[in-house]
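Reviewing the structure listed below.
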Amino acid sequence: MTTFVDRVELHVAAGNGGHGCASVHREKFKPLGGPDGGNGGRGGDVVLVVDQSVTTLLDYHHAPHRRATNGKPGEGGNRSGKDGQDLVLTVPDGTVVFGKDGEVLADLVGQGTTYVAAQGGRGGLGNAALASARRKAPGFALLGEPGTGGDVVLELKTVADVALVGYPSAGKSSLISVLSAARPKIADYPFTTLVPNLGVVTAGSTVFTVADVPGLIPGASQGRGLGLEFLRHVERCSVLVHVLDTATLESDRDPLSDLDIIEEELKQYGGLSGRPRLVVLNKVDIPDGRELAEMIKPDLEARGYRVLEVSAVAHIGLKEMSFALAEIVAEARASKPVEEATRVIIRPKAVDDSGFRVTLEEEEDGAGVYRVRGEKPERWVRQTDFNNDEAVGYLADRLNRLGVEDALLKAGARPGDGVAIGPEENAVVFDWEPSMAAGAEMLGRRGEDHRLEEPRPAAQRRRDRDSERDEVAREFRDFDPFN
């Protein structure tokens with residue numbers, strides 16, 4: 001059964017915003033007490049958070065579909081809907097987030113680093129929030145926005161200071177087991193290591209991490225063996241250690257050719273040419289291995305490599321190796337540029353930026369359509385209930401105030417021309433009429449309700465009954481039975 005996964009495709013969906021509520025306060029003797037519809041709640045986000053205790057993406061391999069909760073709709077009595085709960089997904093340190101097109105969306109390194117993979121939708125405003133001096137009793141509310149979603153690819157790249165690379169069965173797992181507290185699987189057959197193993201090594205005052213990368217073979221950078229799957233785990237390592245087997249039983253192999261083949265694979269993979277190298281000749285506890293190590297060591301040093309002779313089994317040269325690695329790691333850390341604090345860059349909006357654009361596009365049937373694209377117009381359309389004439393009139397007012405009608409006139413639009421607001425795959429299309437009549441004019445000015453200004457029949461009837469009682473009472477007081 002698979003216990004380690006370092007690449008998954010995740011399908012995420014944020015929560016939708018709750019709809020606003022259109023409600024009128026009602027109580028005895030007060031049938032129209034004013035609007036009291038609450039706002040809808042915000043939809044939950046899908047957030048990726050680095051947790052260093054997590055080492056694999058296995059959970060998302062088995063359950064790749066993740067969705068946050070929706071916001072609750074608003075209610076009467078000025079009660080706002082509950083916000084949706086954010087869905088927090090923990091990922092290992094070193095996880096890279098890619099879009100479907102291969103674009104890097106985020107590189108999550110460091111405990112607590114977060115990335116919002118899907119943004120929850122806004123909640124719609126209730127009619128209480130839409131009321132104004134001109135619009136005293138809105139008979140509509142705004143709809144909640146749908147949350148964003150889509151597919152992202154999570155790819156884990158191990159974060160370590162040192163990477164042990166070499167042929168299968170070269171002794172990499174044995175070395176990391178004696179240098180640190182890591183306990184990888186060790187056996188006498190190739191490809192024993194199927195997943196990267198991490199160990200923490202302390203040498204003097206320097207503490208660094210070592211990664212044991214699964215064995216590489218010729219063609220690993222093109223997909224042979226396990227190399228292509230795990231070469232990405234070498235990318236973040238500051239130091240590369242070639243572990244060469246000096247006691248191999250294969251007659252067609254020798255440490256020098258092994259080194260050349262691994263270096264060629266690293267070159268083909270790319271991006272690793274500038275990393276400092278260290279060569280470790282392993283298994284020198286075997287007589288033949290010691291002789292071969294002494295024979296090839298001068299050749300390796302002539303190539304410019306620093307060479308160490310070690311034995312993981314007999315614990316030979318391990319202290320020298322750990323301090324040599326600590327020295328190289330310290331130099332690599334010191335050479336890194338100092339990270340500056342994140343600067344907040346404020347880009348003010350241009351004075352002539354209307355926030356939208358109007359373009360003329362030709363349809364398949366040859367007819368032209370004017371397309372309006374912009375954050376505000378598209379959001380307003382998504383939040384409009386087109387079954388409510390008053391809400392449509394409110395949308396028309398907002399678009400007119402934003403300058404959409406003026407922009408359509410400048411673009412050459414004429415009454416009756418097709419206008420689409422939004423992207424091509426999800427646009428609202430209508431025949432344009434300047435100062436569009438939406439059917440809400442029966443209420444007077446758009447969004448107004450004259451029912452609050454005109455006498456109400458029930459109230460008038462009560463006043464008439466009260467007047468009649470008052471008249472009867474006066475007549476009764478004025479009545480003189482002796483006259």
Problem set entry | Every residue from segment 298-316 that is open to solvent by 20 Å² or more (accessible area, probe 1.4 Å) and outside any strand (DSSP E or B) | P298, D299, E301, A302, R303, G304, Y305, R306, V313, A314, H315
Exercise. Is one or more of the residues making up segment 147-159 at pLDDT below 90, crowded, with 21+ Cβ neighbours inside 10 Å and in a strand (DSSP E or B)?
Worked result: yes
Exercise. From the list D464, D389, which one is modelled with pLDDT of 65 or more, loosely packed, with under 12 Cβ neighbours inside 10 Å and either small (G, A, S) or out of contact with any Ser or Thr (no Cβ under 6 Å at 6 or more places or on another chain) (or both)?
Worked result: D464
Exercise. So how many residues does segment 317-347 have that are farther than 24 Å from S180 by Cβ and either open to solvent by 100 Å² or more (accessible area, probe 1.4 Å) or modelled with pLDDT of 75 or more (or both)?
Worked result: 11
Exercise. Applying the selection to segment 404-421, what residues are of a type in the set (A, V, I, L, M), in a loop (DSSP other than H, G, I, E, B) and open to solvent by 30 Å² or more (accessible area, probe 1.4 Å)?
Worked result: A411
Exercise. Tell me, which residue of segment 63-75 that is closer than 13 Å to G40 by Cβ and of a type outside the set (S, T, N, Q) is nearest to the chain's Cα centre (by Cα)?
Worked result: G71
For this session: From (1) assigned to a helix (DSSP H, G or I); (2) of a type in the set (A, V, I, L, M); (3) in contact with a Pro (Cβ under 9 Å, 6 or more places away or on another chain), pick out the condition that doesn't hold for M295.
Result: (3)
Exercise. On the given criteria, is D258 buried (at least 17 other Cβ atoms within 10 Å of the Cβ), out of contact with any Ser or Thr (no Cβ under 6 Å at 6 or more places or on another chain) and not in a loop (DSSP other than H, G, I, E, B)?
Worked result: yes
Problem set entry | Answer residue from segment 222-255, given it is open to solvent by 40 Å² or more (accessible area, probe 1.4 Å), of a type in the set (A, V, I, L, M) and not in a helix (DSSP H, G or I) and is modelled with the highest pLDDT among those | L249
Exercise. Looking at segment 76-114, which of its residues are part of a loop (DSSP other than H, G, I, E, B), out of contact with any strand residue (DSSP E or B) (no Cβ under 7 Å at 6 or more places or on another chain), open to solvent by 90 Å² or more (accessible area, probe 1.4 Å) and in contact (Cβ under 8 Å) with a residue 24 or more places away in the chain?
Worked result: N78, K82, Q85
Seminar exercise, completed: Here the qualifying pairs (Cβ atoms under 6 Å; residues six or more apart or on different chains; first in segment 197-220 and closer than 21 Å to D260 by Cα and assigned to a helix (DSSP H, G or I); second at pLDDT below 80 and open to solvent by less than 10 Å² (accessible area, probe 1.4 Å)) come out as A220/G227
Exercise. Has segment 60-68 got at least one residue that is in a loop (DSSP other than H, G, I, E, B), at pLDDT 95 or above and surrounded by 15 or more Cβ atoms within 10 Å (Cβ to Cβ)?
Worked result: yes
Problem set entry | Among the candidates P73, P168, P138, residue that is part of a loop (DSSP other than H, G, I, E, B) and surrounded by fewer than 19 Cβ atoms within 10 Å (Cβ to Cβ) | P168
Exercise. If you take the residues in segment 197-217 that are under 21 Å from T56 (Cα atoms), out of contact with any Pro (no Cβ under 6 Å at 6 or more places or on another chain) and open to solvent by 10 Å² or more (accessible area, probe 1.4 Å), which one is modelled with the highest pLDDT?
Worked result: T209
Exercise. Counting only residues that are outside any helix (DSSP H, G or I) and in contact with a Gly (Cβ under 7 Å, 6 or more places away or on another chain), which one in segment 261-289 is nearest to E235 (Cα to Cα)?
Worked result: N282
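The values are calculated or read from the model by the stated rules, or taken from the named source; none is laboratory data. These numbers were taken from a predicted model, which means no experiment stands behind them. Neighbour counts are summed over all protein chains in view; Cβ atoms, including those assigned to glycine, are modelled from backbone coordinates with ideal geometry. Side chains are part of the model used for accessible areas, which takes the heavy atoms of the whole protein and leaves out ligands, DNA and RNA. Shrake-Rupley method; radii C 1.70, N 1.55, O 1.52, S 1.80 Å.
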